[in-house]
Structure formats: C-alpha cells, structure tokens
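The values are calculated or read from the model by the stated rules, or taken from the named source; none is laboratory data. Everything quoted here is computed from the prediction, not taken from an experiment. Here the Cβ is made from the backbone with ideal geometry for all residues, glycine too, and neighbour counts use every protein chain on show.
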Amino acid sequence: MSEVYEPVIVGFLCNWCSYRAADLAGTARLHYAPNMRAIRVMCSGRVEPDLVLKALREGADGVLIAGCHPGECHYIEGNLKTLRRYALLKRLLAQFGVEPERVQLLWASASEGPALAEAVDRMTEQLRALGPLRWKVSVLGGNGYHPMVAAPGGDEAEVSDMLTAEV
Amino acid sequence: MEEKVGVYVCHCGTNIAGTVDVMETAQWASEQPHVAIAREYKFMCSSLGQELIENDIREYGLTRVVVGACSPHMHEKTFRGACQRAGLNPFLFEMANIRELDSWITNNKEAATRNAKAMIKGAVERVVLHQPLDYLPVEINPHTLVVGGGIAGITSALELANSGYHVYLVEREPSIGGHMAQWDKTFPTLDCAACILTPRMVEVGQHPNITLLTYSEVEQVEGYLGNFTVTVRKKARFINEELCTGCAICEEKCPKKVIDDVFNVGMQNRKAVYKPFPQAVPMYPVVDKATCTYFIKGKCKACEIFCPAGAIDFEQQDELIQLQVGSVILATGFDAFDATRIPQYGYGRLSNVFTSVELERMLNASGPTAGKIVLRDRNTQPESVAIIHCVGSRDENYHEYCSRVCCMYSLKFAHLVRERLPEAEVYNFYIDIRAAGKRYEEFYHRVMKEGANFIRGKVAEVTDIARTPEEEGKLVVQVYDTLAGMQRRIPVDMVVLSLGMEARHDALKVAQLFGLGCDFSGFFTERHPKLDPVLTMVEGIFIAGACQGPMAIPESVAQAAAAAVRSLGLISQETVLMEPVRAHINEAKCSGCRICNNLCPYTAIVFHAERRVSEVITAMCQGCGTCVAACPSSAISGAHFTHEQLMAQVQGLLWDMSEPERRELAAV
C-alpha cells in the first residue's frame with residue numbers, strides 16, 4: 001500500500017500572537033501542511049493540561065500550543081504560566097509513554113506567520129515518522145494495566161469526577 | 001431544550017470555494033446533530049448574506065449560529081451584529097475560520113474540505129454550550145498620553161489639544177523636535193525643516209491643553225483601555241522652571257565643554273548646562289549631571305552664581321508623576337543605522353567618510369560648520385562627493401527592508417551640494433532609485449538634469465589605498481557598475497553614507513512596557529498592516545510615525561493625525577463596550593487554596609479570609625483565563641471560553657478520528 005499517513009494536530013493558538021500569525025500565514029498564502037486544526041484561546045495560559053489530554057484521547061496525534069514570545073504576552077506573563085504547565089505536562093506524558101514530539105510549545109508573534117507555518121510542517125513530519133498515537137491502545141491498554149473505568153461506556157471524565165468526589 | 005443551530009458556509013468567491021468543497025460541507029453540516037439548517041452562500045459578509053442569517057433566525061427560530069468563513073478577526077463583529085439585529089444574543093454565535101487557517105494554506109482539496117468540516121463541527125459542538133453575554137461598558141478617560149516629541153508626536157498632540165482634549169506629551173530628550181529638528185531641508189520641496197517645524201513646537205509649548213514633560217521617560221504602565229495609569233520619571237534638570245527665563249547666561253558661563261553627540265552627532269561641543277538647539281521647546285536648559293563639574297568634583301556652580309533669576313537648583317530630584325489617561329499614542333521614532341557596522345565603508349576609520357546625519361548638520365546654517373560643506377579638517381571644501389545609498393538597508397547582512405527615505409534625501413544632498421559647491425562633482429551610488437511619492441520622480445529628474453552623476457551598483461568598498469596617481473590622497477569608491485558591466489574605481493574627496501532607518505535600540509523595552517509586539521525588524525506591530533496601521537494589539541494604544549516602520553515626514557504626520565482621530569473616537573464615545581470575556585469564581589466550589597491569587601497578572605483576584613474564598617474583580621479582569629486553567633477545583637469559569645465549551649470544541653474538531661474512520665483516512 002502506498003498510503004501516506006496524515007497525522008492530525010490540534011493547535012491551541014492564542015488570540016493575540018499565534019492566531020494572528022496563523023491568519024497572516026493564510027493571508028500571505030503560505031502553503032503548509034494542512035494537518036493542524038486550530039482552536040482559538042485568549043491566552044496560551046488558558047490551555048489547561050486537561051484540554052491537551054482530551055485532544056490526544058479524542059484521536060489527535062499531536063498538540064501544538066502556541067503563544068506570544070516571553071515578554072510580549074498580551075496578558076503580561078500568561079505564556080510563562082504556559083511554559084511551566086507545559087514542562088509538568090511533558091513529564092506526565094513521558095510517564096504515559098507518549099513521545100515528546102507529540103506535544104509541542106511554540107512562540108509565534110503576530111508577524112511570524114512563516115515561523116508558525118514552518119513549525120506545523122516540521123511537527124507534521126515528526127508525527128508522520130512516529131505514526132498514529134492510538135491513545136486507547138498505547139496509553140490505556142497493551143501494558144497489562146487497565147484503569148478502573150476502562151470498561152465500555154466508561155470514560156476518563158468519570159475517573160476524574162470520582163477522584164474529585166473523594167477528596 | 002434542544003438548540004437549533006444554523007450553519008452558514010461562505011464561498012468567499014473562490015477564496016474558500018476554490019479549495020474547500022463548500023456544497024458538500026454545507027450538505028454534510030445539515031445532517032449533523034443540533035443543526036437545524038445549513039446553507040452555503042457566495043459572500044456571507046455581504047448585506048444579503050447577513051440578511052440570510054437574520055431571516056433564518058426569525059423564520060426557523062434558530063438559537064445558535066455558526067459561520068464558516070474567514071478569520072474571526074475579520075468578520076466576527078459583522079455576524080454578531082447580524083445575530084443581534086435578529087434578536088439573538090451576539091455571543092450565541094461562533095465562527096469557523098475556514099479561509100486563513102484552511103483554504104489559503106493548501107491546494108489539497110480533500111484535506112481542506114476535511115478540515116473545514118472539522119472546524120465547523122468544533123464550532124457547532126461549542127456553540128450549543130454558549131451562554132448569552134452582555135458587553136461590558138468601560139468609561140474612557142478623556143486624557144491622552146503621547147510618547148515621543150518628534151514630528152509625529154507633536155502632530156498627534158496638537159490634533160488632540162486643538163479638539164479640546166488634554167494631552168500629556170512625554171519626551172526623553174530635553175527638547176521636543178525629534179529628528180526633524182536636526183535636518184536642514186526637506187525633500188522634494190526643499191522647505192527648511194526648522195521653518196516648518198518650530199512653529200508647531202512653539203504651539204505645543206504654549207498650548208493650554210498640552211502638558212509637556214520633556215527630559216522624562218515612561219517607567220510603568222498599568223490598566224487597560226480607557227483607564228491607563230502611567231508613571232513617568234521626570235528627570236532632574238537642576239533648573240527651576242518657574243524661575244528660569246531662558247536667557248542662556250548659564251550656558252555662556254559654564255566652563256565645561258562637552259561633545260554634543262546627540263543633536264550634533266559629535267560634530268560640535270556643548271556646555272554641561274545646555275539647550276540642545278537654539279529653538280528648543282521648552283526653553284529651559286538642562287544641567288547634564290554626568291558631565292557637570294559640580295557633580296563630579298563638588299565645586300564650580302558658575303551657572304548658579306551668574307543666573308540672574310536664581311533658577312539653578314542643584315538639590316532638585318527626579319520626580320515620579322502618575323498620569324491617568326484613556327489612551328496612549330506611541331510615536332517613539334527610529335534610530336539611524338550605525339555606520340560602523342559596515343567596516344568596509346570606512347566610517348570612523350577614514351576621516352572623510354561622513355554619515356548622512358553629519359551632512360545634514362553641516363548643511364544646516366545653525367550647524368557646526370554654519371552651513372559650509374567642508375572635510376573633517378573643517379577647512380577644505382571637497383571637489384568631489386560620493387553619496388552611497390542603501391547603507392544598512394536592502395542588505396541581507398543588516399536590514400532586508402528598504403528604508404524608503406534614503407533615495408530621496410540622497411537626491412536632496414546631490415542638489416544641495418551642487419548648490420553650495422557648484423564646481424563639485426557629485427556621484428550617487430544606488431541600487432535602484434525609489435522615488436515613489438508626490439513630486440518625487442520629478443525631483444529625481446531635476447537632480448539628474450542639474451548634472452549629478454548616477455552610478456548603479458552596490459559599493460563594495462571605500463578605501464584610501466591608491467592604485468594610480470589620480471587616486472593619491474583621495475578616497476576611492478570601488479563599485480561594480482551594473483549598467484556599464486564593469487568594475488569602477490571613483491576617487492573622491494568626501495564620502496557620504498546614506499544611513500537607513502532602524503527601530504529604536506530600546507523599542508523592545510518600550511513594547512514590553514506597553515504590552516505590544518515588535519516585528520522581525522524591531523518596529524512595533526500594527527493591528528492590521530493595511531486596514532489598521534495605527535492601532536496595536538492592545539486596545540487603546542496607538543502607534544504613529546517611524547516607530548511602526550521606515551517612513552518620511554508626510555506619512556508620519558498622516559499617521560499621527562490618524563492616531564489622534566482614533567483616540568478622539570474613543571473619547572467621544574465616553575464609554576466603549578468591551579468583550580465580556582471575564583473570569584468568575586463559583587464560591588460554592590472554591591476551596592480557598594489561593595493558587596489563582598498569585599497567577600493573575602492584573603491582581604484582579606482577591607481573597608476573602610473570613611469566608612476562605614477568592615473573588616475575581618470583574619473590572620480588573622482582562623479575560624486571559626490563566627486562573628481558569630489553574631483552578632484545581634474547577635471553581636473558576638472563563639466566560640465564552642469555559643471548560644465545557646473548549647472540551648466540546650476539541651471533541652468536535654476530532655469528530656472523524658475514531659478508529660474505523662481513521663483507517664479510511666490513512667488510506668487517502
């Protein structure tokens with residue numbers, strides 16, 4: 001089979017810098033891999049790890065979080081909060097066996113359309129090399145460990161509900 | 001209640017329809033859950049397109065609307081308006097950007113259509129969870145801060161002040177005037193720069209609506225559109241402005257001579273107490289603490305002894321002034337390119353290589369040579385002058401961009417040199433002549449007719465090493481003449497480097513202070529390069545003049561007036577409506593852990609110790625959502641970007657990613 005595997009990336013783009021960078025790339029008709037599906041958030045600081053995990057769980061092969069450059073954040077330092085959260089999230093994902101390339105953080109200012117386009121191209125290539133994530137097999141199963149609600153119909157949201165309920 | 005969503009897919013002519021199968025997308029959308037109706041239309045943003053939405057809302061009782069079209073930064077407002085007109089809360093609308101983020105980035109129709117569906121699906125899943133919201137009214141303080149007292153800042157300040165509103169004009173140097181005050185003539189009219197600038201400077205100085213703060217710098221900026229609190233450091237001048245009459249006796253009596261490396265770019269001395277130039281506004285001099293003998297050695301005070309008004313005050317301290325303003329206009333200007341960065345042109349090493357700024361000062365009748373063009377010995381008049389264009393511009397090693405003004409001022413130099421030294425040969429070394437502007441091309445022809453020489457080629461080197469007897473004692477300009485197709489060596493007495501314009505060395509610092517972005521070249525980023533060149537990404541902060549990019553005086557003035565109008569527009573509305581994207585804490589869920597307290601960059605979250613809960617002060621919240629993301633109890637919700645909405649959007653976006661369909665996709 002001569003198929004080319006096309007990864008799907010969910011991009012969380014901040015309203016002020018990265019989303020505008022993406023707009024600019026489009027306006028300038030910069031062609032890049034059409035593998036990113038974007039979500040606009042006001043600040044990259046809004047991107048909670050939950051959202052990234054949700055995207056991976058729902059079938060995304062990678063997640064790109066993009067914000068303003070440090071020091072240029074529209075909200076002063078939201079992107080620095082992102083950076084800290086990202087570092088912790090990466091450690092968590094490593095424990096799940098998720099390859100580091102699957103979740104990436106990018107700084108792209110409103111004028112950096114080309115930088116954003118290149119990052120998507122690069123990430124697409126990296127994910128192509130890795131192949132699909134297949135969360136349900138690679139993370140939830142296959143290693144003999146089954147989370148308590150891995151039964152059909154159950155989902156992880158319930159787990160988190162249960163956990164919060166117990167606390 | 002089941003929501004009824006209307007989905008509208010825009011063709012945008014062929015902009016979207018050329019890549020995305022709009023018909024199929026709309027057909028598919030109509031079959032999705034929640035969707036009551038789905039349509040495609042040539043131009044959704046047209047009045048007919050908007051009416052389509054309005055009619056459907058009325059006729060089918062739509063409770064939510066999704067438009068798949070361009071970027072929300074283009075038309076979100078438009079469609080929110082359409083919803084509102086039909087009686088639907090404008091926040092029950094969501095836009096899917098299938099143009100900038102999709103159809104314009106690829107030729108792959110299949111991929112583009114799939115992405116369009118995904119983005120529309122994400123929007124539908126999200127919009128059903130939207131809540132009706134009301135815009136937040138924000139009062140606009142009618143005062144404006146203008147930063148930078150060059151021609152742009154002066155123009156903005158005067159426009160606002162003449163309209164009857166108060167302006168604070170902050171300038172770093174002791175006088176306003178900026179670069180324009182340094183220049184001799186302006187192209188192509190050959191108006192004397194000072195003659196047209198100084199009346200405006202005086203007007204600023206005397207205007208009842210302008211508070212002029214020179215020798216001052218902005219230190220801190222807080223607040224948001226309509227309500228900025230700006231802290232300005234007014235540096236000690238050591239002059240009592242109430243008493244000083246501007247007689248300049250202090251300057252005359254001061255025994256300490258210092259090289260004036262700002263206004264006269266090192267070509268002339270000034271005193272330790274000085275006014276940068278005779279027409280300075282305000283007229284008060286400044287005691288330069290770094291060079292004043294009293295401050296260095298503890299004695300002298302000649303100025304104080306001779307001042308007839310008793311205006312010298314060595315005890316003066318820097319003052320921190322707090323200003324309350326509704327909007328800010330940044331007009332911080334540019335720096336001239338540093339010619340020493342191109343060593344092969346010899347500036348600083350070969351004494352008769354001058355910069356364009358030095359020549360401007362020389363040409364100026366009140367300048368260091370009283371208007372005479374002379375070599376570095378201050379005596380010999382050059383018999384031949386080479387003017388090298390594009391120094392630092394259009395060069396991948398320095399700045400890739402064209403500085404836009406150098407061709408024209410170089411032509412002006414060619415004219416002025418020949419006017420003052422009719423016998424002198426003038427050579428212009430240019431890459432291309434860019435004379436795009438009113439009467440610019442005509443001026444170029446005039447200079448050519450006057451007999452200036454034009455050699456097309458980028459100069460390789462300026463050297464004093466002679467190869468022939470004629471080159472002995474001369475500067476030799478080595479160039480590949482691209483029209484003659486040969487290497488040439490032109491011996492001259494004087495070389496002038498036409499410096500490009502670059503962003504201020506501290507532009508990034510200023511940008512960070514005000515929360516703006518800078519582009520690759522360091523100039524401030526405008527909200528839209530074509531349609532919104534004076535607004536920045538920060539509401540209420542405008543930019544004007546060469547801080548936005550290289551430009552000449554007329555464009556700077558036009559931008560400055562535009563920025564003033566934008567500021568006036570805010571003031572005249574008195575209150576403006578802000579996006580209600582704000583965080584809110586559910587007290588019942590809040591555990592009082594205080595994690596959010598320190599995360600908020602605006603200190604908008606307060607902790608009530610007695611109840612052990614935190615609260616968001618809505619007026620101070622800017623809606624970034626950092627606290628929302630951090631709350632371990634999910635007690636904080638961010639309006640319009642709630643956890644549920646974003647989770648639903650992610651799910652919708654990945655609607656086709658379940659395993660069986662995924663395999664099908666992989667086979668594409």
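With respect to A:ASP61, is the statement that it is of a type in the set (Asp, Glu), within 28 Å of B:SER634 (Cβ to Cβ), within 8 Å of chain B (Cβ to nearest Cβ) and within 11 Å of the chain's Cα centre (by Cα) true? In short, no. Filtering the range B:522-567 down to residues that are in contact with a Phe, Trp or Tyr (Cβ under 6 Å, 6 or more places away or on another chain) and of a type in the set (Gly, Ala, Ser), which residue is farthest from B:ALA503 (Cα to Cα)? So, considering only residues that are in contact with a Phe, Trp or Tyr (Cβ under 6 Å, 6 or more places away or on another chain) and of a type in the set (Gly, Ala, Ser), the one farthest from B:ALA503 (Cα to Cα) is B:ALA563. Tell me the residue from B:SER403, B:SER393 that is touching a strand residue (DSSP E or B) at 6+ places or on another chain (Cβ under 6 Å) and not in a helix (DSSP H, G or I), please. Of B:SER403, B:SER393, the one residue that is touching a strand residue (DSSP E or B) at 6+ places or on another chain (Cβ under 6 Å) and not in a helix (DSSP H, G or I) is B:SER403.
Which is touching a strand residue (DSSP E or B) at 6+ places or on another chain (Cβ under 6 Å), buried (at least 24 other Cβ atoms within 10 Å of the Cβ) and more than 30 Å from B:ARG80 (Cα to Cα), of B:VAL167, B:VAL127? Before you say what the answer is, go through the steps one by one.
Details: B:VAL127 fails: more than 30 Å from B:ARG80 (Cα to Cα).
Step by step, each of B:VAL167, B:VAL127 is checked, and only B:VAL167 is touching a strand residue (DSSP E or B) at 6+ places or on another chain (Cβ under 6 Å), buried (at least 24 other Cβ atoms within 10 Å of the Cβ) and more than 30 Å from B:ARG80 (Cα to Cα).
Restricted to the range B:49-79, and to residues there that are basic (Lys, Arg) and surrounded by fewer than 22 Cβ atoms within 10 Å (Cβ to Cβ), the residue that is modelled with the lowest pLDDT is B:LYS77.
For the range B:88-140, how many residues are part of a loop (DSSP other than H, G, I, E, B), among the aromatic types (Phe, Trp, Tyr) and within 30 Å of B:ARG58 (Cα to Cα)?
Total satisfying the criteria: 2.
Among the residues of the range B:354-371, are any in contact with a Gly (Cβ under 8 Å, 6 or more places away or on another chain), surrounded by fewer than 20 Cβ atoms within 10 Å (Cβ to Cβ), among the charged types (D, E, K, R) and under 18 Å from B:MET501 (Cα atoms)? Checking the range B:354-371: not a single residue is in contact with a Gly (Cβ under 8 Å, 6 or more places away or on another chain), surrounded by fewer than 20 Cβ atoms within 10 Å (Cβ to Cβ), among the charged types (D, E, K, R) and under 18 Å from B:MET501 (Cα atoms). There is no residue in the range B:518-541 that is within 26 Å of B:VAL462 (Cβ to Cβ), without any contact (Cβ under 8 Å) to a residue 40 or more places away in the chain and either of a type in the set (Ser, Thr, Tyr) or surrounded by fewer than 18 Cβ atoms within 10 Å (Cβ to Cβ) (or both). Scanning the range A:81-101 for residues that are surrounded by fewer than 24 Cβ atoms within 10 Å (Cβ to Cβ), within 14 Å of chain B (Cβ to nearest Cβ) and either in contact (Cβ under 8 Å) with a residue 24 or more places away in the chain or out of contact with any Pro (no Cβ under 9 Å at 6 or more places or on another chain) (or both) gives A:ARG84, A:ARG85, A:LEU88, A:LEU89. Residues in the range B:568-581 include at least one that is in contact (Cβ under 8 Å) with a residue 24 or more places away in the chain and touching a helix residue (DSSP H, G or I) at 6+ places or on another chain (Cβ under 7 Å). From the list A:ASP50, A:ASP23, the one residue that fits, being within 8 Å of another protein chain (Cβ to nearest Cβ) and buried (at least 24 other Cβ atoms within 10 Å of the Cβ), is A:ASP23. Can you tell me how many residues in the range B:275-331 are part of a loop (DSSP other than H, G, I, E, B), of a type outside the set (S, T, N, Q) and within 38 Å of the chain's Cα centre (by Cα)? Adding up the residues that qualify gives 20.
The criterion of at least 2 residues that are among the hydrophobic types (A, V, I, L, M, F, W, C) and either closer than 30 Å to B:HIS528 by Cα or within 14 Å of chain A (Cβ to nearest Cβ) (or both) is met, among strands (runs of 3 or more DSSP E) falling completely within the range B:546-625, by B:575-578.
Evaluate the range A:41-56: report whether one residue or more is touching a residue at least 24 places away in the same chain (Cβ under 8 Å), in contact with a Lys or Arg (Cβ under 6 Å, 6 or more places away or on another chain) and farther than 27 Å from B:LEU516 by Cα. No, every residue in the range A:41-56 fails to be touching a residue at least 24 places away in the same chain (Cβ under 8 Å), in contact with a Lys or Arg (Cβ under 6 Å, 6 or more places away or on another chain) and farther than 27 Å from B:LEU516 by Cα.
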